[in-house]
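The values are calculated or read from the model by the stated rules, or taken from the named source; none is laboratory data. Keep in mind that what you see is a predicted model, and the values were worked out from it rather than measured. For neighbour counting, all protein chains shown are included, and Cβ atoms are generated from backbone atoms with ideal geometry for every residue, glycine included. Ligands, DNA and RNA are excluded from the accessible area calculation, which covers all protein heavy atoms including side chains. Shrake-Rupley method; radii C 1.70, N 1.55, O 1.52, S 1.80 Å.
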Amino acid sequence: MSSTDVSDGTTTALGHGLKVRHLTMMGLGSAIGAGLFLGTGVGIAKAGPAVLISYILAGAVVVFVMRMLGEMGAAIPASGSFSHYARLGIGEWAGFVMGWLYWFMLIMVLGAEITGASAIVNDWVPSIPQWVVALVFVVFFAVVNLAKVSNFGEFEFWFAAIKVTVIIAFLVIGVLLVFGILPDTDPVGTSNLFGQGGFMPNGLSGIAAGLLVVAFAFGGIEIVTIAAAESENPERSIAVAVRSVVWRISVFYIGAISIMVLVLPWNDPELESGPFVAVLNKANIPGVAGFMELVVVVALLSAFNANIYGTSRMAFSLSRRGDGPAFMAKLSSTGVPTNAVLLSVFFGFVSVLLNWLLPDDLLGILLNAVGAALLVIWIFIVVSHLRLRKQLEASGKLTVRMWLFPYLSYATLAMLGVFVVLMLFDADARAQLISTTVLFLVIAALGFLNARWRKQNQPA
């Protein structure tokens, strides 16, 4: 297949058991993870109430990137998603690098997710060793992912439904708190929003620092376009799912953060340790801390399940086009890439082992290497979209269109460039950027060697 061909013949043998409701909930569930339930407090601590601006800016960028990805995905449904589009729009090397960078990123995240979930469960039941809990989780989700794809979709649907229900309940309780409708509460007014140093207590630098924290909270939503290739009607499914996910994510994130900064002072230490619990405690709801712990476990397990799926499909797609070991392209009778799933599960075990064996600083180096990987992937999605748009338009396949093309596409690229600049001026983020750059160059070198090997071994 040439790098300019906009057809994709690599996904036809995969299963087609995912429905629109699966895709929509999958997108919501992937982005509404532990980052929202736990990490938002860090952003508030850095920016104060002005973290709302950080979320609006980061959310806008993610919405635009998803719109571009949705445009390409609806026109060319492929299990390789943005890796495949980078290959078509930029070149073979870009497809190789994007695919394996994403795979590596999710593999590292798998360990953090399963370790986090098993640690919480171990706190509940100290008599069961943490590694046993992790083993049970990994084996269970291995079985789920090795079964037909509709089983995976159903699990993700209900996992995501729990998280979405919790967010909606939080928004309702939060609004009642803001207006003082609940028993023993008074209307909060704007004292927390503009008190304690004002709306921007840490100035523009606070907003910038908050931006770095919250930008990556939206990661995971891109799995919708990977999963679309296994839906019953890929072109229609992805169009509906992308439109639905984008506005719902915006409402849930901005709504939840607004409640937090209205109900509590931005410098309240309880916000940083657990923002949802801190707000719900104001409503005098008994057992809320334990309940939110359960929700975090569900969020982590949901993300783990989705990432097993995402890594296996990406590895399958890469292997199908010669950018990975041929054994990972093998499909079961139900259309599941069995070996690719098993490889992801294996590295899930390895990641758990690393979390247990390695000192924090060494594990930190590995996690740092993926810190800015999502940013690189978003940049390549935008560039691929700009390069492919004319061909897609000529083919008459555009059912989803990027708004105000090409102006918003270039504006999004510029904003991503601003993120990179901000990372250079933040010590921790700079280390992540450097590590990701090294990882990018290593994968690019492997891609070059792979291309040479393929060329030398092509049949005469």
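Within region 178-193, is even one residue surrounded by 14 or more Cβ atoms within 10 Å (Cβ to Cβ), modelled with pLDDT of 80 or more, aromatic (Phe, Trp, Tyr) and more than 20 Å from the chain's Cα centre (by Cα)?
no
Return the residues of region 89-108 that are small (Gly, Ala, Ser) and either buried (at least 24 other Cβ atoms within 10 Å of the Cβ) or assigned to a helix (DSSP H, G or I) (or both); say none if nothing qualifies.
So the first thing to find is which residues in region 89-108 are small (Gly, Ala, Ser), and the list is 89, 91, 94-95, 99.
Those that are small (Gly, Ala, Ser) and either buried (at least 24 other Cβ atoms within 10 Å of the Cβ) or assigned to a helix (DSSP H, G or I) (or both): Gly89, Ala94, Gly95, Gly99.
For region 403-412, indicate whether the set of residues that are closer than 24 Å to Ala241 by Cα, touching a residue at least 24 places away in the same chain (Cβ under 8 Å) and crowded, with 20+ Cβ neighbours inside 10 Å is non-empty.
Yes: one or more hits.
Quick one: which residue in Ala215, Ala228 is at pLDDT below 75, touching a Gly at 6+ places or on another chain (Cβ under 8 Å), closer than 16 Å to Met66 by Cα and crowded, with 18+ Cβ neighbours inside 10 Å? Please lay out each step first, then the result.
Details: Ala215 fails: touching a Gly at 6+ places or on another chain (Cβ under 8 Å).
Just one listed residue meets the conditions, Ala228.
For region 239-273, which residues satisfy the criterion of being within 27 Å of Met200 (Cα to Cα) and either free of Cβ contacts under 8 Å to residues at least 24 places away in the same chain or among the small types (Gly, Ala, Ser) (or both)?
Residues satisfying the conditions are Trp247, Ser250, Val251, Gly255, Ala256, Ser258, Asp268, Pro269, Glu270, Ser273.
For every residue, the table says whether it meets (1) surrounded by 24 or more Cβ atoms within 10 Å (Cβ to Cβ); (2) at pLDDT 85 or above.
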position: Glu272; (1), (2): no, no
position: Ile285; (1), (2): no, no
position: Val298; (1), (2): no, yes
position: Ile308; (1), (2): yes, yes
position: Ala315; (1), (2): yes, yes
position: Ser319; (1), (2): no, yes
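Could you list, in sequence order, all residues of region 133-160 that are more than 17 Å from Phe316 (Cβ to Cβ) and among the charged types (D, E, K, R)?
Within region 133-160, Glu154, Glu156 meet the criteria.
Report the residue count in region 370-394 for those that are open to solvent by less than 50 Å² (accessible area, probe 1.4 Å) and part of a helix (DSSP H, G or I). Quick ask: steps written out before the conclusion?
Restricting attention to region 370-394, the residues satisfying the condition of being open to solvent by less than 50 Å² (accessible area, probe 1.4 Å) are 370-386, 388-389, 392.
Still in the list and also part of a helix (DSSP H, G or I): 373-386, 388-389, 392.
Count: 17.
Just checking, which of Ile167, Ile221, Ile207, Ile173 is touching a residue at least 12 places away in the same chain (Cβ under 8 Å) and crowded, with 23+ Cβ neighbours inside 10 Å?
Working: Ile167 fails: crowded, with 23+ Cβ neighbours inside 10 Å; Ile207 fails: crowded, with 23+ Cβ neighbours inside 10 Å; Ile173 fails: crowded, with 23+ Cβ neighbours inside 10 Å.
The match here is Ile221.
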